[in-house]
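The values are calculated or read from the model by the stated rules, or taken from the named source; none is laboratory data. Just so we're clear, the structure is a prediction, and the values are computed from it rather than from any experiment. Neighbour counts run over all protein chains shown; Cβ positions are idealised from the backbone, glycine included. The protein model used for the area step is the full one, side chains on, heavy atoms only, and it has no ligands, DNA or RNA in it. Shrake-Rupley method; radii C 1.70, N 1.55, O 1.52, S 1.80 Å.
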Amino acid sequence: MNATANADWYFVNRLAISPNGSVLMAATSSGLWRSTDGGATWSRRTTTRALDVNFNPADNSKAIASGSEGSAWYSTDGGVNWTAATGIPVLDYLGRVEVTYAPNNPSWVYASVSRNSGEIWSSTNGGQTYALVNTGNSYLGGQGWYDNIIWVDPTNANTLIVGGIDLWRSTNGGSSLTKISQWWSAPASAHADHHATLNLRVSTAARTRPFSSATMAASTRPTMCTRFWAPPAGRS
């Protein structure tokens, strides 16, 4: 695309689409960019390196984003203007932050922060202010600057999965974590280094093999996956 054929677009880290499909946001190493014509043209909304961006699943006007150095932002006008969130401390360049809404209660936002080998922070006001929930579990395995994910169950805001090298699950809003993968056991378990998550509806029979069009067609329940693998049965 002509609009992105330049150095500002060498590193596109994440894309987000508003619930009504009218706005596309891009988190890039040159900042946050916004398009209202399907990506044909873009306007730069920030100039600070951005690593993650998400729209509120129930409100086109609200969005959250994050970057390195402990950075997190929120927007209340559909991504036109962005304000720095408070609570998460200023960190060095390796202090990557990943953010996500709780889909069934979007006022709740969680952040996975590359500090102390992994910290979970939460917000009850849509990502405007954050408070520390969990530290000391080292769930990022010391390389949260490289692989760092956080996912919230679409039906339960207290159930989340975080990970870097391996995956960890919480059923109490991040207060405690249980390790649910061992990377060296792959393919019996999820392989190392988790960079993104997505929601698919996957049948129980398909949960221990790679996803394909056939397994997706036979799906019966929502499941988080990374690297296009589902966790082993009993570990989702």
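Accessible area per residue, 1.4 Å probe, Å², for region 29-97: what's the number?
Values: 2910 Å² over 69 residues.
Solvent-accessible surface per residue comes out at 42 Å².
Using label points projected 7 Å from each Cα along Cα→Cβ, tell me how many nm separate Asn158 and Tyr10, to one decimal.
Simple spin-label model gives 4.7 nm for this pair.
Ordering Leu32, Leu177 from largest to smallest accessible area (1.4 angstrom probe), what's the sequence? Kindly include the intermediate steps, with their values, before the conclusion.
Working: Leu32 0, Leu177 25 Å².
Per-residue accessible area, sorted high to low, gives Leu177, Leu32.
Gain in length, Gln182 to Ala196, computed as 0.36 nm per residue apart minus the alpha-carbon separation, to one decimal in nm?
Values: separation 14, 0.36 × 14 = 5.04 nm, distance 1.76 nm.
Stretched out fully, the Gln182 to Ala196 stretch lengthens by 3.3 nm.
What is the spin-label model distance, in nm, from Ala40 to Thr124 if the labels are put 7 Å beyond Cα along the C-beta direction?
Inter-label distance under the simple model: 4.6 nm.
Does region 1-50 come out rounded, prolate or oblate, given a ≥ b ≥ c as the square roots of the eigenvalues of its C-alpha gyration tensor, rounded meaning a/c under 1.5 and, failing that, prolate meaning a/b above b/c? Mind dumping the intermediate values first?
Details: a/c = 1.98, a/b = 1.35, b/c = 1.46.
Verdict is oblate for region 1-50.
Using r as the Cβ-Cβ distance of Ser175 and Leu91, and R0 as 25 Å, what FRET efficiency do you calculate, to the nearest 0.05? Walk me through the numbers before you get to the answer.
On the way: r = 22 Å, r/R0 = 0.89.
Calculated value: 0.65.
Apply the a/c threshold of 1.5 to the C-alpha gyration tensor of region 59-99 and tell me whether it is rounded, prolate or oblate.
On the way: a/c = 2.91, a/b = 2.46, b/c = 1.18.
Prolate, because a/c is 1.5 or more and a/b exceeds b/c.
Rounded to the nearest 0.05, what FRET efficiency do Tyr146 and Asp77 have when you use their Cβ-Cβ distance and R0 = 41 Å? Don't skip to the answer; put the middle values down first.
Numbers: r = 33 Å, r/R0 = 0.80.
With R0 = 41 Å, the Cβ-Cβ based efficiency is 0.80.
Which semi-axes, in whole Å and largest first, does the equivalent ellipsoid of region 60-205 have when worked out from the alpha carbon gyration tensor as the square roots of 5 times its eigenvalues? All intermediate terms of the calculation are to be shown ahead of the outcome.
On the way: eigenvalues 119, 67, 35 Å².
Semi-axes (√(5λ), whole Å): 24, 18, 13.
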